[in-house]
Ligand code: SF4
């Protein structure tokens, strides 16, 4: 049988095709694809109802990235879903159940699925603004299609009101299956992003009645870094500030708008400031577009950041439609598996040493659909034993073989 982690990496790097029959029940019994944030598909598919993720037998959740040229094909025979490659069956799989809130409306009459998406099995994800100012002078990140996606898919709601975000959070947390959340969005001018985040967190408090908020904001460094304290006072647990590339020269080339408006040095300063406020051990993380800069340089970055109390999160790159990298290729799946194993050892060693305790988990086994972290387990039973019923999976799970 194909090793599950390697299969996940292959499905992410090469995308998949799906036979129409295999999509039976999509949008009613199973969770359909929402064009919620960026588009990770290799191809635009305006009239095609797809799904957002699949689940492999060992529990790995894999983001579905549609690619008409992929050798991987999902089919169904006699009720059994499976993925094959050139006619050879590789693995069984299942779709993710559709959450009840996808069928509900907000008090203003909008579909709740236009406000937030369920990522994987338990993470509620909100994109506060499906637009980024870096596109205005063509300095968007080369891998990003934030402003392209709403032009392809009419259902994208570019801004979401705080009160409606609170309503959807309340529904998804009370009725399930949400166990944690993620808020992100495009870069906004001045202090607008901080104001939006604060309004969202207050609305979540009010509507869902939660005092400590089990979630993270992936954001841009605010003009005044002491504003992180405001988010902490509002109960937020975790912050992500995405460098995308560790080497400053790659950062400047791949993310020219971030360099122009914020700057690499300011991102690093903000990461250190956030660790001082939220604590080390992994509460502060930085996302990376793994596969663009050399592996050795990236691993140096993982180590340097870990020494500062920051966890690096490598995402498997998808050269998606509408990005400047469309038509390019990501590294081989094996490259990502090796990278993940090497970096997990670094992260666990350094974060444990710096905080004196097990690293704070920053990603969840049940929602980690774009990254090979945490490593999936050999069997569902083993998975339960390791996570012990906790909401979040930990770095140790990834590094135990390293
Ligand atoms: S900062 Fe970069 S990745 Fe983020 S929305 Fe803007 S262009 Fe996209």
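Below are the figures for this structure:
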{"read-out": "Label-point gap, in nm, between residue 49 and residue 353 - each point 7 angstrom along Cα→Cβ", "value": "5.4 nm"}
{"read-out": "For q = 0.14, 0.18, 0.20 Å⁻¹, Debye-computed log10 I/I(0) when each Cα of the range 4-95 counts as one equal scatterer", "value": "-0.44, -0.76, -0.96"}
{"read-out": "At R0 = 45 Å, FRET efficiency that the Cβ-Cβ distance of residue 202 and residue 6 yields, to 0.05", "value": "0.55"}
{"read-out": "Full-stretch length increase - residue 152, residue 326 - with 0.36 nm per residue and alpha-carbon distance subtracted", "value": "61.1 nm"}
{"read-out": "Taking 46, 139, 160, 258 and counting other C-beta atoms within 10 Å, the order from fewest to most", "value": "46, 139, 160, 258"}
{"read-out": "Rounded if a/c under 1.5, otherwise prolate or oblate - the chain, Cα gyration tensor axes", "value": "rounded"}
{"read-out": "Value of [θ]222 nm, deg cm²/dmol, for the chain, DSSP H segments ≥ 4, -39500 (n - 2.57) each, nearest 500", "value": "-9500 deg cm²/dmol"}
{"read-out": "By average C-beta atoms within 10 angstrom, highest first, the peptides 205-218, 72-85, 244-257", "value": "244-257, 205-218, 72-85"}
{"read-out": "Fraction of beta bridges assigned by DSSP in the chain that are antiparallel (%, nearest 5)", "value": "45 percent"}
{"read-out": "Inter-site label distance for residue 229 and residue 105 at 7 Å from Cα along Cβ, in nm", "value": "4.5 nm"}
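None of the figures in this text is laboratory data; all of them are computed from the coordinates on show. Since this is a predicted model, take the numbers as computed values, not measurements. For neighbour counting, all protein chains shown are included, and Cβ atoms are generated from backbone atoms with ideal geometry for every residue, glycine included.
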